[in-house]
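The values are calculated or read from the model by the stated rules, or taken from the named source; none is laboratory data. Predicted model only: the values in this text are computed from it and were never measured. Ideal geometry is used to build each Cβ from the backbone, glycine not excepted, and the neighbour counts take in all protein chains shown. Keep in mind that these areas ignore ligands, DNA and RNA; they rest on the heavy atoms of the full protein, side chains included. Shrake-Rupley method; radii C 1.70, N 1.55, O 1.52, S 1.80 Å.
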Amino acid sequence: MLQAQQSSSGLDMPVPVPEEPGLADMASFAIGILRRQYLIILFVTLVATSMGVIYLRMIPPTYTAKAQILIDRSKSAFLQQQGVLPDTPIDYAQVDSQLLILASERIAASVVKNLHLTEDPEFVGTAGGLADSLRERLGDSLGGLLGYHDSDLLRQATGVLLGNLKVNRIGMSFVIEVDYRSRSAARAAQIANAIADAYIFDQMEAKYEVQHRAGDWLQTRVDELRQQATASEDAVNAYKAANNIVAAGGTLIKEQELGELNRQVVAARDKTSESLARLNRIESVQSRGDLGGSPIDGARSDSTVDGTVSDVLSNPIITNLRQQYLELVNREAEFSQRYGKDHAAVVNLRNQIRDKRNSILNELRRLAESFKSDYVIAKQRQDSVEKDLAKAVAQSQETNKTQAGLRQLESAAQTSRSLYDLFLQRYMGSLQQQTNVSTEARVVAPATPPDRKSAPKTVLVLALSVFGGLGLGAGLGFLRDIMDRVFRTGEQIETVLGVPCVALVPSVKKGTGSSQAPPGRIAALDSPRTICSRAGAFWTVVDSPLSGFTEAIRSIKLAADLQAAMNGLSTVIGFTSSVPNEGKSTTAGSLALLIGKMGHRVILIDCDLRNPSLTRALAPNAATGIVEVLSGTKSVEEVIWRCPVTNLAFLPATEKSGLLETSEILASGATKKLFEQLRLSYDYIVVDLPPLAPIVDVRATGGLVDFYFLVVEWGSTKIDVVQHALNSARPVYENLVGAVLNKTNMDQIGRYDIRRRDYYDNKHYARYGYTT
């Protein structure tokens, strides 16, 4: 039957591949949980809401006052200059540190003392309420035993104040908000302002203490530095007197003399260099010209006179001679062009040019002698000054060691004097600042009594109660739903067990069916071995042919007929379950009655030999049954019971004490022979078998039953139990046609099978005359 459905991997049960859940599936799953668990969700929500209401009734209202303090970064330039030490800029870390100071025990204790809060019942006693009264009585008892003092009251009041205080920074600004919560609006504002004032006073007091300690230390240090500076200056004067060091205009005489000689040496060297350069220039001109008086012709002579004499050696005489020379040259050139080079006038001009040139050269010789004399004088002056400088340097080197010691003493004296002046300035600033102590903190928004309570927030508490209850209820409902490891839908059976669900058999109310026989059959009821009881759900298929129960039994018969026709088997149908009381006997009996009512030859056999519940329901007075037939003491016809209404034949099983090896009886050859005889006489053989879990009898019926139906009780049988039962009974699982979900609550199944909930609507069946 189901061999093709088994996994080739060797697993006992087929493992279906789950599909990826979509958004619609997730929504259906959530809606299904809400539909199934709405009662517990509603209950938890009501409980949570009630607790919120009780909380609002029990907790007294509190009021929160707010004061704002600004940490001002700006400061007067005068105050900054007068400070002992320069103030460090305020950064965000320092502002955060102020939060800790505001919420410190020191500030709180100061407020408690200033406002006498140790006498306020809100801080050291009870402020109303049962819990506070009990706490006060317990505290009084312990106080009497342990001996409470004022310090204990102060500590208690301080703890209460800090517990109701909240200090926070507004954004990334330098504004600090002080929030205090109290049961009195006026008291809350008073304490918030008192905390701000105490903080500012503490800051000023701390700064005054710092300035006072710094001033005392500075005074001592100034006296020490004054003595040190005076001693250093006295040492400098004594050293000068001992070493005969005299200074004029702030500079030593030797240093002034040495400086003057240096300047004279530099000037003499410059003068010598200038005279030498002029002399070299004159000598260069003379070396290129005809100093012996021989004529120099042509352009060479003109170039020498023009380029050297006129531009380099500016002299009035040479300048005059040069002008005359140039005029003669121009006239000579003009006359040569006009009269020819050999004309007497031209020759005369040439002679005059030669004379002028010789005159210029003679003047150059005179200047050269003059420059040579100047150079000699300058050189002698330079040598004299250099000798004087060397002598002064030699004398200066002798006093270097003395001057080095003097410089050290002067440096030490100057350093001592500078330190003394600096600390004296700081000390004077400290005296000024002690009389004008200021702080960077100031109150920018004092607290005022609030006009509405801050806690408990009625809307918020109720909203949290309602939504918290909904969330908790949904969580409990979800947990309860996922822990509900039972079969609720046919889809579960097909997915988990890998077998089709052939029918959803509705639950039938007790007392269904008539206890009276139909008219015309009264006489037949009095005959022996006649099924006469009409109580129980068996007879629903007879009394209510248009009910959902009967339609479900028809689905079972149809599945059995299709299986028999497909495999060419006779119809020996076995009904079993995992555990007792799942309704397998009722299902088997109902199917047999339905088949008999249709006119087929059918026999119902009770093979639950240890617990023949079907026999107790249909033939409670039966004294013999299948066991006697198998033992050979009775024939089949002698033990069969019949129903005159449906022509149903019933082979009961009587209870026998000491009947233990029932599996051996079912597996015996006599049982097999009996079933072979019944196949010849009946069209359908319906067998009520024991459950799978308690005993092994069903496993012994593999050679008797053609195929099986597994009956599963809706909402009761555990999934793990059914899986284990089928795994341990392989022959049954391999010949299983399908499962029957019995005792189904048709009013609630739609909550579990959300996608097909409309399928179970009774209005679809009412159009065809069906009733519930």
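Listed by position, the strands (runs of 3 or more DSSP E) enclosed by region 638-738 that each have at least 3 residues that are open to solvent by less than 30 Å² (accessible area, probe 1.4 Å), within 20 Å of residue 614 (Cβ to Cβ) and not charged (D, E, K, R) are 648-651, 684-688, 707-713.
Tell me whether region 84-98 contains one or more residues that are open to solvent by 90 Å² or more (accessible area, probe 1.4 Å), modelled with pLDDT under 85, within 35 Å of the chain's Cα centre (by Cα) and aromatic (Phe, Trp, Tyr). Checking region 84-98: at least one residue is open to solvent by 90 Å² or more (accessible area, probe 1.4 Å), modelled with pLDDT under 85, within 35 Å of the chain's Cα centre (by Cα) and aromatic (Phe, Trp, Tyr). Within region 590-617, which residues are part of a helix (DSSP H, G or I) and either under 60 Å from the mean Cα position of the chain (by Cα) or within 22 Å of residue 571 (Cα to Cα) (or both)? If the condition is that a residue be part of a helix (DSSP H, G or I) and either under 60 Å from the mean Cα position of the chain (by Cα) or within 22 Å of residue 571 (Cα to Cα) (or both), then 590, 591, 592, 593, 594, 595, 596, 597, 614, 615 are the ones that fit.
Here's the yes/no breakdown for (1) open to solvent by 40 Å² or more (accessible area, probe 1.4 Å); (2) modelled with pLDDT of 85 or more; (3) in a helix (DSSP H, G or I):
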| residue | (1), (2), (3) |
| --- | --- |
| 186 | yes, yes, yes |
| 211 | no, no, yes |
| 220 | yes, yes, yes |
| 230 | yes, yes, yes |
| 234 | yes, no, yes |
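A residue that is buried (at least 22 other Cβ atoms within 10 Å of the Cβ), β-branched (Val, Ile, Thr) and closer than 17 Å to residue 682 by Cβ cannot be found anywhere in region 581-592.
If the condition is being of a type in the set (Gly, Ala, Ser) and buried (at least 24 other Cβ atoms within 10 Å of the Cβ), then region 561-577 contributes 574, 577. Within region 60-83, restricting attention to residues that are aliphatic (A, V, I, L, M) and in contact with a helix residue (DSSP H, G or I) (Cβ under 9 Å, 6 or more places away or on another chain), which residue is modelled with the lowest pLDDT? Once the filter is applied, the top-ranked residue is 79. Of everything listed in (1) among the aliphatic types (A, V, I, L, M); (2) modelled with pLDDT under 90; (3) closer than 17 Å to residue 700 by Cβ, the single unmet condition for residue 605 is (2). Of all the listed residues (430, 418), the sole one being modelled with pLDDT of 85 or more, out of contact with any strand residue (DSSP E or B) (no Cβ under 6 Å at 6 or more places or on another chain) and among the polar types (S, T, N, Q) is 418.
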